[in-house]
Structures are given as structure tokens and as C-alpha cells.
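Asker: This structure is in C-alpha cells; I'll ask about it shortly.
The values are calculated or read from the model by the stated rules, or taken from the named source; none is laboratory data. Everything numeric here is computed off the predicted structure, so don't read it as measured data. Cβ placement follows ideal geometry from the backbone for every residue including glycine, while neighbour counts extend to all protein chains displayed.
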Amino acid sequence: MGIDIRHLKDGCKIEDSNHFRSARINSQGYWCSFRDGASFYRRCMDGSIVLGAEARRLPAGEMDRVLETYQGWIKNIAADNKVIRASQQLTDKDYNDVADLYREVYPEEVTILPPDRYGDIVIMPATGCPNRRCTFCAFYKDKPYKVLNEQAFAQHLADVKKLYGAKVHSSPGVFLGSANAMALSQRRLMRCLTLIKDKLGTFNREVGTFADPDFSAKRTTAQWNELRESGLRHLVIGLETGWGELRASLGKSGDLDKCIAMVNSARRAGIHIGLTLLTGAAPGELRRENLKQTLITLESLELSGGDLIYLSPLSKNGFVDDAALEEQSEMMAVIMTMTEAKVVPYQMQRFQYFM
């Protein structure tokens, strides 16, 4: 009973059984997660604090209370541990400075990641979205697509190293932002992958990125192989629906040929795929047709057990209605029987970019 400290690649985990508290602290001394009795908190990169599995963002007053509780607790722990000593010396200003640095490194902020890549370090060779017409999008409608030149990208990598510290070396992977790094030319994208490897090193699950086939550079088989050999491992594509007519009504192309071609070309090069499907986008009387057309499209994709299909209920004004959740369950039950890919539920509105 008492204090137990477990060393991690980036900091330590501390358990205090006497006070029913625990925390994960990074190598710089900043707490990343904090359990106080039955309440579990996580710090986001922007300085906010969220509560529980629902990731409910706390208002300022509650945040101050959590910070005060943590600091009062950690300062009373006597341990010959440099990470804990560093945490004891940090002030509110230090935490605010990290949040300010995050906003400098990511002026657009990190708005969304696929659920299996939440632990990745985000690198942005480009910002914004080249489409910006998706009716359901809450992230990029007012953010034009802008590609960083090589000098700006090199500075971005240096700033990322400063922000993350030792986490750069302990992170499982890298995810390229913002909405569609695949819109970069082959030369630019290859240069980005080379610089990431040179400046940050290699990662166990390598590099992933969002991809919009309708606004991406056309690539040959040799170019896809070149990207895979340079560390690109995972493409996440917003298919939304396999029904062209419905997809067009959502602000995307109703012609699915480019989607099918990109998925199959990437798979043949050994790149894994993540496909997002929206539920709740089709009116109730058309749900059966949406499922039918989506299954037809999925059958044309060369998906395997290493691929993922995310079923994401459509959010309307920040809320998900019961019909979208019902369709999510219906689609999952059917799709799981006809593909080797893993089918997982996903609620985008719960995303937070954690420390």
C-alpha cells in the first residue's frame, strides 16, 4: 500500500493507493492523465481538461479545481524521481505556456484523428481542405488548402520536436494533417516523408494520413510502392456512403470510381485502409437502399483483415439522434458478415487531442 511508481518511455505512472489517486506524467513533468477517486481526467494539447470516456470538456472553474487538486497532491509526494520532482516545480504559467506553444505549432489546431491513431504525433505538410463542400463537415469549411514550402515544413518539424520533447521518440506513429495530405504532388509528399524520418526518426506504426480521392494526385503503381517503402502505411478515406447519389448530396463526388481505384491501388502496395461511413445520412425510408448500395461498393474494394471500417453517426448541431445510432448498429451487424476488415463504431464529436 502507498506510492507505486512505474517508469514509462515518456515519463512515469504513479499510483497512490492511500488517496485513491493516480497520474501519468510525461518526461517534462506535465501530467497527461489524472485519476481522483472515481473521476478520470485527461489534459488536451490546447490546455483544456476533459472528464471520463465521454471526454466532456470541463468549464474553467472545474479545470482550476482539478489543477489545484493535482498540484496539492503531487507536491506532497516524497519520491527520489526526477519526473515527479519536475512535476512538483511546474506552475500554472508553465502549463499555459505549453498550450500557447501548441497553438503556435498548430495554428489550425488538430481537429480530428481516426480512433486507432489517437496516440500519433500530428505533422502538417498542408493545412485546410481542398474540397470544403461537405455538408456535414464541422472542421474545414472556412479553411482553404495551403501547402507548406520546404523551409516552412522543416521549421514545423523543429517546432514539433520542441513541443513534444521525449514523446517524439515514444509515440507509436505519425499522422499527416490536415484534411488531405495526398493532394500533395508525389515529389512533395516523398520529401515530407524523408524529412520526417531524418528529423524525427522511424515509428512502429509508421505514417498515416487522411485522403480524399477526388482531390488527390493521380499515382502510378510504382509511385504507390515508393510511398509504402518510404513509410506510408495507412490511408483514411471518407467514403461516407457507397451510394453515389446520396454521397453527392453530402457535398462529395457521386462518382465512386476514384475512391475504388485509390483503395485498391494502395492495398496492392501494402498500405492499409480506413474507411469512414456515416450513419444517419439517409432518410429513414432510404436506409435499406443506402445499405444495399454501400455493400455493393464495399464488395469492389480489396479490403483485408488489416483494414478498418469506421461507422460514424452523423452529428447535427453537436448531437447524435437515435436513428443514426440505430443505423450504426444495423450496418455493423451486416457489414461484419461480408468483409475481412474490422468494423468499429466511432463518434467524431468525442475527439480530443491529448497530451
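Asker: Are there any pairs with C-beta distances below 7 angstrom linking a residue in the range 254-274 that is among the charged types (D, E, K, R) to a residue that is assigned to a helix (DSSP H, G or I), with the two at least 6 apart or on different chains, and if so which?
Answerer: Filtered contacts from the range 254-274: ASP255/GLY244; LYS258/PRO213; LYS258/ASP214.
Asker: Moving on to the next point. Residues that are at negative phi, buried (at least 18 other Cβ atoms within 10 Å of the Cβ) and not in a loop (DSSP other than H, G, I, E, B): does the range 127-136 have at least one?
Answerer: Within the range 127-136, one or more residues are at negative phi, buried (at least 18 other Cβ atoms within 10 Å of the Cβ) and not in a loop (DSSP other than H, G, I, E, B).
Asker: In addition: Quick check, is ASP80 acidic (Asp, Glu), outside the structural domain of TYR346 (by TED's automatic domain parsing), modelled with pLDDT under 95 and surrounded by 17 or more Cβ atoms within 10 Å (Cβ to Cβ)?
Answerer: No, not satisfied.
Asker: Also, I was wondering about something else. How many of the residues in the range 208-227 are in contact with a helix residue (DSSP H, G or I) (Cβ under 8 Å, 6 or more places away or on another chain) and more than 28 Å from THR279 (Cα to Cα)?
Answerer: So the answer is 7.
Asker: Also, I was wondering about something else. Restricting attention to the range 53-76, report how many residues are touching a helix residue (DSSP H, G or I) at 6+ places or on another chain (Cβ under 6 Å) and assigned to a loop (DSSP other than H, G, I, E, B).
Answerer: Total meeting the criteria: 2.
Asker: If a residue must be surrounded by 14 or more Cβ atoms within 10 Å (Cβ to Cβ) and in contact with an Asp or Glu (Cβ under 9 Å, 6 or more places away or on another chain), how many such residues does the range 324-349 contain?
Answerer: Here the count works out to 4.
Asker: Looking for whichever is of a type outside the set (S, T, N, Q) and under 25 Å from ASN26 (Cα atoms) here; the options are ASP142, ASP120. Which one fits?
Answerer: Every option except ASP120 fails the conditions.
Asker: Let me spell it out: the conditions are (1) among the acidic types (Asp, Glu); (2) in a strand (DSSP E or B); (3) closer than 30 Å to THR111 by Cβ, and ASP46 meets all of them except one. Which number is the exception?
Answerer: Among (1) among the acidic types (Asp, Glu); (2) in a strand (DSSP E or B); (3) closer than 30 Å to THR111 by Cβ, ASP46 violates only (2).
Asker: Given the structure, is GLY29 farther than 26 Å from ARG103 by Cβ and either surrounded by fewer than 17 Cβ atoms within 10 Å (Cβ to Cβ) or of a type outside the set (S, T, N, Q) (or both)?
Answerer: No, not satisfied.
Asker: Taking only the range 231-267 into account, find how many residues are farther than 23 Å from VAL207 by Cβ and not aliphatic (A, V, I, L, M).
Answerer: So the answer is 14.
Asker: Of the residues THR241, THR220, THR194, which single one is out of contact with any Cys (no Cβ under 8 Å at 6 or more places or on another chain), farther than 30 Å from VAL168 by Cβ, of a type in the set (Val, Ile, Thr) and surrounded by fewer than 18 Cβ atoms within 10 Å (Cβ to Cβ)?
Answerer: Just a single option satisfies the conditions, and that option is THR220.
Asker: Moving on. For the range 14-25, state whether one or more residues are closer than 21 Å to PHE351 by Cβ, assigned to a strand (DSSP E or B) and free of Cβ contacts under 8 Å to residues at least 24 places away in the same chain.
Answerer: Yes, some residue in the range 14-25 is closer than 21 Å to PHE351 by Cβ, assigned to a strand (DSSP E or B) and free of Cβ contacts under 8 Å to residues at least 24 places away in the same chain.
Asker: Output the residues belonging to the range 43-77 that are exposed (fewer than 11 other Cβ atoms within 10 Å of the Cβ) and among the acidic types (Asp, Glu).
Answerer: The one that is exposed (fewer than 11 other Cβ atoms within 10 Å of the Cβ) and among the acidic types (Asp, Glu): GLU54.
Asker: Another one. Of all residues in the range 1-48, how many are more than 26 Å from the chain's Cα centre (by Cα) and not small (Gly, Ala, Ser)?
Answerer: Residues meeting the conditions: 13.
Asker: Further question on the same structure: Please work out which residue is farthest from PRO114 (Cα to Cα), limiting yourself to the range 278-330 and to residues that are under 25 Å from the mean Cα position of the chain (by Cα) and β-branched (Val, Ile, Thr).
Answerer: For the range 278-330, the residue satisfying everything is THR294.
Asker: Is it fair to say ALA261 is in a helix (DSSP H, G or I), under 22 Å from ASN131 (Cα atoms) and touching a Phe, Trp or Tyr at 6+ places or on another chain (Cβ under 7 Å)?
Answerer: no
Asker: When the residues of the range 307-325 are narrowed to those that are without any contact (Cβ under 8 Å) to a residue 40 or more places away in the chain and touching a helix residue (DSSP H, G or I) at 6+ places or on another chain (Cβ under 9 Å), which ends up nearest to ARG57 (Cα to Cα)?
Answerer: Once the filter is applied, the top-ranked residue is GLY318.
Asker: If we scan the range 304-314, do we find a residue that is in a helix (DSSP H, G or I), polar (S, T, N, Q) and buried (at least 19 other Cβ atoms within 10 Å of the Cβ)?
Answerer: No, every residue in the range 304-314 fails to be in a helix (DSSP H, G or I), polar (S, T, N, Q) and buried (at least 19 other Cβ atoms within 10 Å of the Cβ).
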